[in-house]
Amino acid sequence: MKRLMGALAATLLLLGSVVASAQGRPASGASTPKYRVVMQVSNPEPRGWHQTLNNAIALTKNAGPGNVEIEIVANGMGIGMLKFNSPEAREVAAVLGMGIKVLACGETMKALMLEKDDMLPDIGFVPGGLIEVLDRQREGWSYVKGD
């Protein structure tokens, strides 16, 4: 009887782990999943750009660099923060150095007739900023409006 109860308990623990895993939650004793955050910047206001960059830095420091994955997507008039001559160039370089991805919207670049050479080095490019944000949300990422 004790053996049967032990086997039943082990089966229930295993089943609980499978269910928790399927629901995207760690099983008891498992490590906490990474924070996955997509931040969108679409406003021309530099104050909002600074706030987004500062939030990304603070989140990385508070959660720990190995516990967070962040993408900052600039589209619309927020693309100005990623131009080669941007006053935010040092701040953008700092977040890139922390492993945070910074992405420029290709649709906005086309509309404003910007080329990759017009943009800061080491940033990434996506065909569309909005679809990038929506895809990340569909994948379960948290969304933070950056401005």
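Any read-out appearing in this document is the output of simple, stated calculations on the displayed coordinates, not a laboratory observation. These figures come from a predicted structure and were not determined experimentally.
Remarks
- Backbone geometry of the range 82-90 corresponds, through the Karplus equation with coefficients 6.51, -1.76 and 1.60 at θ = phi - 60°, to 3J(HN,Hα) couplings of 9, 6, 3, 9, 5, x, 8, 3, 5 Hz, x marking Gly and Pro.
- Of all lysines in the structure, those lying under 19 Å Cα to Cα from Lys116, and not within fewer than 8 positions of it along the same chain, are Lys83, Lys101.
- Using only the C-alpha atoms, the convex hull of the range 40-95 corresponds to 68 Å³ per residue.
- Sequence-distant residues sharing a close amide H with Phe125 (under 5 Å, placed H): Ala104
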